[in-house]
Amino acid sequence: MDETIKIPTHVGIIMDGNGRWAKSRLMPRSFGHKAGMQRMIELAEYAKELGVKYLTVYALSTENMQRPQEELDGLYSLFTKYFTKNVEKLFLSNAAVKIIGDVSALPENVQALICDAQKKSPDGADFTFTIALNYGGRAEILQAVNKAVERGEKVNEQTFSSMLYTGETPYPDLIIRTGKEQRLSNFLIWQAAYAELYFTEVLFPDFTNAEFYKAILNYSKRDRRFGKL
């Protein structure tokens, strides 16, 4: 890798296109979700190798929870089948796993896996892989507002940010969306105020390591001024 390339500290990915990828192959949507989950884990490993310190992926939005129960059950089944085995590989490479979102609405067996994984995450990890499940940026902000109200606190940006699901995680430098659409879709909307955005038509299961590196190269060429001259 070219040492002059600027590697973002925190990358967010909106993993869009699993269903369309499967449909283009005349396969059920579950086939695309399985391919997407495998790609998600491989991408986390590659991002760590590149020197990214935080990777946050949008796996299931609050809006996705309105999809047919059959599809949701399929997603939960995939999660329980592949999650533990793959995150243990990350633990061995000194990576931590974090889940953000309202996990209380997820099946109890999924909640148990999430709780166990977060407990087993190594202390002082040099990479944090965050998975957003039943996550919505607006709901996250409302939760933080209500938390501040309950505490009777007047907050500033720093204290408010600490009340979000992401806590002390640095704001994302780069947000990537696969699958053609060009919007954030309620993903990290507070945190993304000054994130660089990268959109690609590539569907997520086809978003290879080379495609990810292309996004990093694009980010590296940008001049981030944060409103300054």
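Quick note: the coordinates plus some simple rules give every number you see, no bench work behind them. Here the structure is a predicted model, which means the values were calculated and not measured. Using ideal geometry, Cβ is built from the backbone for each residue, glycine included, and neighbour counts are taken over all protein chains shown.
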key: Fully extended contour minus Cα-Cα distance, from ARG138 to ASN209, at 0.36 nm per residue   = 22.5 nm
note = Straight-line reach check, LYS23, cutoff 16 Å on alpha carbons, 8 or more apart in-chain or any other chain, hits among lysines -> LYS34, LYS180
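Compute the convex hull volume of the Cα atoms of the range 93-136, divide it by the residue count, and report the result per residue in Å³ as a whole number. It would help to have the intermediate numbers written out before the result.
Values: hull volume 2.9 nm³, N = 44.
Hull volume over Cα atoms, normalised by residue count, gives 65 Å³.
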C-alpha center-to-center spacing [the range 189-226, the range 42-60] in angstrom = 12 Å
key: P(r) tail fraction, the chain - alpha-carbon pairs more than 33 Å apart, %   = 14 percent
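By counting other Cβ atoms within 10 Å of each Cβ, how are VAL97, VAL202, VAL11 ranked from fewest to most? Working shown, then result.
Numbers: VAL97 23, VAL202 20, VAL11 27.
Sorted ascending by nearby Cβ count, the order is VAL202, VAL97, VAL11.
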key: Partners for LYS119 among lysines (Cα-Cα distance below 17 Å; same-chain residues under 8 apart left out)   = LYS85, LYS89, LYS98
request  = Please give the length that would be gained between GLN69 and GLN111 if that part of the chain were fully extended, namely 0.36 nm times their separation in residues minus their C-alpha to C-alpha distance (nm, one decimal).
outcome  = 13.4 nm
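Per the Kirkwood treatment, what hydrodynamic radius in Å, one decimal, follows for the range 32-102 from the mean inverse distance over all distinct Cα pairs?
Kirkwood radius, the range 32-102: 13.4 Å.
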query = Given R₀ = 45 Å, FRET efficiency for ASP126-GLU201 by Cβ-Cβ distance, to 0.05?
reply = 0.85
query = Of VAL97, LEU78, ALA112, which is farthest along the charge dipole of the range 1-120 in the positive direction, counting Lys and Arg as +1 and Asp and Glu as -1 at C-beta?
reply = LEU78
ask   = Could you list log10 I(q)/I(0) for the range 1-124 at q = 0.22 Å⁻¹, which the Debye formula gives when each Cα is one point scatterer?
value = -1.46
query = 222 nm [θ] for the chain, helices only, -39500 (n - 2.57) per DSSP H run of 4+, per residue, to 500?
reply = -14000 deg cm²/dmol
